[in-house]
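Since the structure comes first, as structure tokens, the remarks are kept for the end.
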Amino acid sequence: MAVDVNSNKYTFFFAAVMVVVVATLLALASESLKPMQKENVANEKRQNILASIGIEVDAADAEEAYNTNLVRAVVVDANGQEVADPKFGAFDIDVLKDYKAGLSNIYKKNAGDMDGMKSALLAFGDGGVNYPMFVLKKDGEEVYVVPVVGTGLWGPIWGYLTISSDGKTVIGAVFDHKSETPGLGAEINQASFQKPFEGKSIFDESGEYTGIKVMKGGAKGSEHGVDAISGGTITSNGVTEMIVRTLKIYEPIFRQLQGQASMVEEIEMPLDSAAIAMDSLNVELRDSLGLSSN
Amino acid sequence: MSEVAVAEVKEPKEPLFSKKNRALISNPMDDDNPITVQVLGICSALAITVQMKQAVVMTVSVLFVLAAGNVIVSLMRNLIPNRIRIIVQLVIVAALVIIVDQVLKAYVYDVSKALSVFVGLIITNCIIMGRLEAFALANKPWPAFLDGIGNGLGYGFILIVVSFFRELLGSGKIWGFPVFGQKVGALLSDGSLATEATGLYALGYVDNGLMILPPMALITVGAFIWIQRARNTKLIEA
Amino acid sequence: MEYINIFVKAIFIENMIFAYFLGMCSYLAVSKTVKTGVGLGAAVIFVLGITVPVNYLMENYILKEGAMSWISPELATMDLSFLSFIMFIAIIAAMVQLVEMAVEKFAPALYASLGIFLPLIAVNCSILGGALFMQERQYANIGEATVFGLGSGVGWFLAIVAIAAIREKIRYSNVPGPLRGLGITFIITGLMGIAFMSFMGIEL
């Protein structure tokens, strides 16, 4: 039985069979393995959050350790105000997915224009963008873990920054990446890059928000700077961008922690009434966060 | 199709490791090296030779995909229509890589994290397409398997040599372990960062930062070719 | 303006060969003379200009999570992104073969000069690289994606023509025997790559 393998009929037949077989195999593999993959991803997230407050655990113990250390998880909107009944719980918000689904474009378009960015963020999707924040216990104090996400040279980069209970000092940072260059940008997931973040401050002495900048060589002695990776300039710039931009969203919360009035916010508000509304919101937030205004 | 089949039946059975089959493994190591002679798989060789660890992971992945892809294509060689053979080969390779990645993601998450960076690089690695096209399509599964192993090893050999020099000269490390002493800011075993340089660094030695940049991979491979051809003069181009 | 920005960036700052070292295999193998270099380069521009927008449509209307909501709202939760590699590569291979057939039928003269290079292109990593960069960078519309594809192609074209011209000249130079051919090409490309690094970090 000789089949002409080069006839049109056979070619179509072969292509059709191949498509069906390959698609079935891939779909089968993807679907049947999805629950385990999701569990792995969730555990990695817990591990990362714990690592940013200095606790290293195995994936198997991550869930338990996370639950013991977690005080509460909050969801905030683009104004840095807590959302009363969020659509997703804080842990279920996938910041990386949101980032890819359109936030990256908003950030890029409105770079340097905070007001424009905020209004775009508040109008995003239905109900605006939600940002998660995890409050954990460390040495008896409450610390605040914030996920950050941005773009490196080849693809997305992300991480967690932990701010201490004083609202301005970084006490831990972890970063990871999808596909940065090994030995260069990929070094951001190494302790030698992450350690120097500890003890840095995201506000300067006059109380102005600065964030933390990853700088080439110039970090010596700076309160707000960390040494960049040589040869990994674009990745380093990406880290700076994501930290400065993301922490800015949470700025009102950090300011409350510092017991300062959010002066900057008030000045930027065009209307007195808006400022008053803001204040009352702040009070509400403070109450709901269970913070005392010291 | 019938011609090929007849020709194969008439061949006398040869032992599994005949001279011809052994050459399939040994040739790609030197005379017929995929990178330095066949000019295949350069992109990935440049992208991941900054550290030895990455080079080894990549070698193992390519070895696996190349051997498995070669065997599958060779088994199907009389069924694949000529006109769509390239697309068929690509789909086989891509499906293989994706399935492996999915399985690793579910069962050995750590390995998958290390590997996922390479998934794209493996699929487009022209060694795989080149060998499928040039060898597997015209040969029986066993020689095709050996050809896959041989070329994978030949490829890995260059990767490991190049990454050895780039890691040593570029970051002063071998397999992640510092060999020239401790730099300022390096992570110490107790979790703190070093404040004083030791070893060669204390004497003023500085890592050659250029070595970790991609252009130096090209120049290192160029130097490797120079050495190889000085030894093996029959490879010299006119 | 945005288009010009993307175009210039793709050619010089994010050059496929010198910044990302993609598509090296065919770059090294087919750069012996300027004529073949121009042929392959033109084919790459052509194929990148077609496959990047097609893959863009694929990504945004089928693969991405929620991308299929235009068919019916129930499909909004479908996430087929695990298929993206295989879809991109299949589209590239299919487009290359379609283009090959179309050129052969309608422009035999062009086919005579370009034809032999087209099959080579399916395995050129710069083509899949183009698709993956497109996916990663989230271009706002299909116009931007097309411009990016064309720009990357032009950058690749420039690179291969430049190295081919150098290789034509270097044939008359006294290069040490073992370094002749491939070896010296590697080293020259490395030096050109270092030169192109000066474009890195330029913001347009």
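For B:L203 and B:W175, what does the FRET efficiency come to when R0 = 25 Å and r is the distance between their Cβ atoms, rounded to the nearest 0.05? Using R0 = 25 Å, I get an efficiency of 0.60. Dipole magnitude for chain C: about 1060 debye, using +1 per Lys or Arg Cβ and -1 per Asp or Glu Cβ, origin at the Cα centre. Span-like helix criteria (full DSSP H runs; alpha carbon extent of at least 27 Å along the helix axis; mean Kyte-Doolittle hydropathy of at least -0.5) are satisfied in chain B by B:52-75, B:85-107, B:141-171. Taking the range A:17-40 and a reference point 7 angstrom along Cα→Cβ of C:S72, no backbone N atom is nearer than 20 Å. Between the listed residues B:T220, A:S192, A:I157, the Cα displaced farthest toward the positive end of the dipole of the protein assembly as shown, a dipole computed from Cβ unit charges relative to the Cα centre, is found at B:T220. Near A:V148, the amide H atoms lying under 5 Å from its own belong to A:G159, A:Y160, A:L161; only residues 5 or more places off or on other chains count, and H is placed 1.01 Å from N.
Along the positive direction of the dipole of the protein assembly as shown (beta-carbon charges: Lys, Arg +1; Asp, Glu -1; about the Cα centre), which of A:N79, A:N69, B:V91 reaches farthest? Ranked along the dipole, the leading option is B:V91. Dividing the convex hull volume of the alpha carbon atoms of the range A:71-257 by its residue count gives 118 Å³ per residue. Annotation: for a label point projected 7 angstrom from Cα along Cα→Cβ of C:Y3, residues of the range C:141-174 with backbone N closer than 17 Å are C:141-154. I'd like the FRET efficiency for A:V5 and A:S165, computed as 1/(1 + (r/R0)^6) with the beta carbon distance as r and R0 of 60 Å, rounded to 0.05. Given R0 = 60 Å and the Cβ-Cβ separation, E is 0.25. Site pair B:L188 and A:A60 shows an inter-label distance of 3.4 nm when each label is modelled 7 Å from Cα along Cα→Cβ. Label positions at A:K109 and A:A27, each projected 7 Å from the Cα along the C-beta direction, are separated by 3.5 nm. The modelled label-to-label distance for the pair A:S119/A:K97, using points 7 Å beyond Cα in the direction of Cβ, is 3.0 nm. Ordered by the number of other Cβ atoms lying within 10 Å of each residue's own Cβ, fewest first, C:E14, B:E133 fall into the sequence B:E133, C:E14. Under 17 Å from a label point set 7 Å out along the Cα-to-Cβ vector of C:A140, the amide N atoms of the range A:91-106 belong to A:101-106. The ratio of the alpha-carbon radius of gyration of the protein assembly as shown to the globular-protein estimate 2.2 N^0.38 Å is 1.03.
Any read-out appearing in this document is the output of simple, stated calculations on the displayed coordinates, not a laboratory observation. Just so it is clear, the structure is predicted and the values come from calculations on it, not from any experiment. Please note: Cβ atoms are built from the backbone with ideal geometry, for glycine as well, and neighbour counts cover all protein chains shown.
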